Amino acid sequence: MTKKRALLSGVHFMNGDIACAEGALATGCRFFAGYPITPATEIAEHLSRRMPELGGIYIQMEDEIASIAAVIGASYAGLKAMTATSGPGFSLMQENIGLAAMTETPCVIVDIMRGGPSTGQPTLPGQQDVMQAKWGSHGDYATIALSPSSVQEMFNLTIEAFNLAEAYRVPTLLMGDEIVAHMWEKVVVPHASEIKIVNRKKPSVSPGKYGPFVPDDDLVPPMACFGEGYRFHATGLTHDEMGYPRTQSSEVQAKLVKRLCEKISRNEDKIVKVEEVMLEDADVAVVAYGIVARAALSAVRKARETGIKAGLLRLITLWPFPEKPVAKIANQTKAIVVPEMNCGQIVREVQRAAKTTPVSFLSKLGEEPHTPREIFESIRRNA
Amino acid sequence: MVQELPHPFSKYLRSAMMPHIWCSGCGNGIVLNCFVHALDELQLDLDKLVVVSGIGCIGRTAGYTNADSFHTTHGRAIPFATGVKLANPELEVVVISGDGDLFAIGGNHFIHAARRNIGIKVICANNFNYGMTGGQQGPTTPLESITNTTPYGNIEHPFNLVHLAAASGATYVARWTTLHVRRLTQSIKRMLQKEGFCFIEVVSPCPEIFGRQNKMRTGLEMMEWFRRSSVVENFSDPSKAEITSEKIVVGEFVNVTKVSYEKFFHEKLAQINEKAVEW
């Protein structure tokens, strides 16, 4: 047994950044390109040591624009690839997140959210990049975004992010925050047989018959990689199913952009994950995600102790938005409370899905997330 | 009976992408021609070739080449190519793009890829302006030239691309004009056989957009400038390799041996694997 194991099965004490890095290695990621930024730097540091042990590539690029460009290149060359950053770097990456969406590149982008805007609060947590994860690059496209609430989930959801990226040929975003990234907790790394790994579909046709953007029934095209003899072209321009630019065709544009969005929306039921706690008989539901969901869980328990029927809907998937789970709880509760570490982002999606059920927003900005008491008070006001 | 024969070089091009978008008198076709001639002379395996371009007129080259190809966002061809080369060092990765793409919006990527000595080969068609957007001033526009955004004459000093490449650490640096087709072809061949980061600047005519505002209305007039002014000064100091109306210094400026990033990386991997300890 050498240090060169990709999967460190067993019980560990890790921080979230390291757990994320180990999750990536566990799923077969063998390419990381990044640029130092607090609070995501430990992901890069850990992978600069671990990648070479496994024959993988670690490279520090000149900026975040280059980092994601290199990740897209590596993915097209056949490797599972990832980058990690925080708000300012996430902003720089938006250009090529659009390119990854347009060229249907499986890749994972980790954004460890800190306080913004601009340089903001580098060492403190935030949830201010949630809408950017959905709308950050220009044009219409779809991404998948996941929100971990614990160090264990930084490991688990990194694996999940790669699986979704590979299954749907889509850039997948792991939206952590400074606390889940820097907090140290117990992490159980499972055995290989317990980890589900999804790899991109490969073409079943010969090179002469291959169209790189001809979708299957699930709207996802099989993906050849560079050097496999398919000699295909990919471009950020509007392109037909052969990958050739068709910048003057409204028909091709409509078909392509619609498919890029629908390959996610039509598979929403398979993608979306939430955790439901004590919702069966709840009068008040808290909808929360990330580190805030941990405080929300304490608040819900406290409310139950005081006789208020409260429950928690924890969003594990942020995008596509868990429309149906939210609509379901809206039907059975009198009020919904949404605590977020921003000025109100996911709450608007909750309001839209909840229709007539009143939604109360609890904003928190600055050094720490909501206390359980703050959320509890809001539950009590709405009960 | 007339028999239709395929062009001997059509196997290097994607017929589905033709006709190309370039104006008459443009030099991009010559750059592509020299490139495919070099591929042919080397009998390079097209299945192992990846052509990467950024945005701009010459950026369409990736799509025209019958190899794996990728047309990136503006300025990002080099970092994309870096990812490809490191992920699969067996691939020959060639970036063909323009002066604005590689040296304005992509300038930072160029100098760092050269510094790291990533084994990618970069060909820059330098036409002195942004052609595709209709002729604006760019990082290589000569002083006092007229463009759509320098109507009173350009007051920005242009980059000397071969000096920049040499100073950034490229292992092979050359400049030719589109008039030097044989030398350019040989230069591309030499570059494709080298290890590490290599760079060729091709001074290329843009009569429709740049030339017409600068008293060279046709491709022929621009080529006449190249013929009249070009001086071959092989291995001269690249910092003195000027481009003016009187003199265009061309030639090979750098040809050195230096271990590439990917080779260095794999040597390190071997060392790490030897030293692997118990976890």
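A short reminder: the numbers here are calculations on the coordinates, not readings from a lab. Remember, predicted model here, so these are calculated numbers, not experimental data. Glycine gets a Cβ as well: all are built from the backbone with ideal geometry, and neighbour counts include every protein chain shown.
Here are a few things to note about the model shown:
- Within segment A:275-382, DSSP assigns beta bridges of which about 20% are antiparallel (rounded to the nearest 5).
- Mean ellipticity per residue at 222 nm, deg cm²/dmol - from DSSP H runs of n ≥ 4 across chain B, formula -39500 (n - 2.57): -9500 deg cm²/dmol
- For segment A:10-194, the relative contact order is 30 percent, taking Cα pairs closer than 8 Å that sit 6 or more residues apart in sequence and dividing their mean separation by the residue count.
- In sequence order, segment B:94-104 has phi-based couplings of 10, 9, 10, 8, x, 5, x, 5, 7, 10, 9 Hz under the Karplus curve 6.51 cos²θ - 1.76 cosθ + 1.60, θ = phi - 60°, and Gly or Pro positions carry x.
- Average partner coverage of A:228-238, which counts Cβ from other chains inside 10 Å: 6
- Environment charge of A:Thr123, counting only residues whose C-beta is closer than 9 Å and scoring Lys/Arg +1, Asp/Glu -1: 0
- B:Cys34, B:Cys198, A:Cys261 arranged by Cβ crowding within 10 Å, fewest neighbours leading: A:Cys261, B:Cys34, B:Cys198
- Hits among aspartates and glutamates - C-alpha to C-alpha of A:Lys263 under 12 Å, sequence gap 8 or more where chains match: A:Glu104, A:Asp216, A:Asp217, A:Asp218
- In the distance distribution for the protein assembly as shown, Cα-Cα pairs more than 46 Å apart total 24 percent.
- Formal net charge of residues neighbouring A:Glu228 (Cβ-Cβ distance under 15 Å; K, R +1; D, E -1): +1
- Footprinting exposure proxy ranking of B:Lys240, A:Lys302, fewest other C-beta atoms within 10 angstrom first, gives B:Lys240, A:Lys302.
- Additional length obtainable on full extension of the chain from B:Ala270 to B:Thr133, 0.36 nm per residue less Cα span: 44.5 nm
- Percentage of interatomic Cα-Cα distances in chain B larger than 29 Å: 31 percent
- Pairwise Cα inverse-distance average, inverted: Kirkwood Rh of segment A:10-194 (Å): 15.7 Å
- The alpha-carbon of A:Lys334 sits under 23 angstrom from the alpha-carbons of these lysines, leaving out residues fewer than 8 places away in its chain: A:Lys302, A:Lys309, A:Lys324, A:Lys355.
- Counting only alpha carbon atoms, the long axis of helix A:151-168 and the longest principal axis of chain A meet at about 40°.
- In percent, rounded to a whole number, the relative contact order of chain A is 15, using alpha-carbon pairs under 8 Å and six or more apart.
- At q = 0.12, 0.15, 0.19 Å⁻¹, base-10 log of I(q)/I(0) for segment A:272-345 (Debye sum, equal scatterers on each alpha carbon): -0.28, -0.44, -0.71
- Taking 16 Å as the cut-off, the amide N atoms of segment B:179-212 that come nearer than this to a point 7 Å along the Cα-to-beta-carbon line of B:Asp40 belong to B:181-189.
- Formal net charge of residues neighbouring A:Arg304 (Cβ-Cβ distance under 13 Å; K, R +1; D, E -1): 0
- Computed from Cα atoms, the angle from the helix A:16-26 axis to the main principal axis of chain A rounds to 40 degrees.
- With eigenvalues of the C-alpha gyration tensor scaled by 5 and rooted, segment B:172-212, Å: 25, 11, 6
- Additional length obtainable on full extension of the chain from A:Lys202 to A:Ser363, 0.36 nm per residue less Cα span: 53.4 nm
- The share of Cα pairs per 5 Å bin across segment B:105-241, counted from zero up to the longest distance, runs 2, 10, 18, 21, 20, 16, 9, 3, 0 percent.
- Most fluctuating residue given options A:Met82, A:Met102, A:Met183, as computed from a GNM of chain A linking Cα atoms under 10 Å: A:Met183
- A simple spin-label model places pseudo-atoms 7 Å from Cα toward Cβ; at B:Val232 and A:Trp184 they are separated by 6.7 nm.
- For chain B, modelled as a GNM whose springs connect Cα atoms under 10 angstrom apart, the maximal fluctuation among B:Gly59, B:Gly153, B:Gly211 occurs at B:Gly153.
- The angle between the Cα long axis of helix A:41-53 and the main principal axis of chain A comes to about 40°, on a 0 to 90 degree scale.
- Residue exposure proxy: A:Glu166, A:Glu194, ordered by other Cβ atoms within 10 angstrom of their Cβ from fewest to most, comes out as A:Glu194, A:Glu166.
- Segment A:275-382, relative contact order [Cα under 8 Å, separation at least 6], %: 33 percent
- Distance from the Cα centroid of segment A:322-383 to that of segment B:164-235 is 62 Å (rounded to whole angstrom).
- Residue-averaged [θ]222 nm for chain A, counting only DSSP H segments that reach four residues, each worth -39500 (n - 2.57): -11500 deg cm²/dmol
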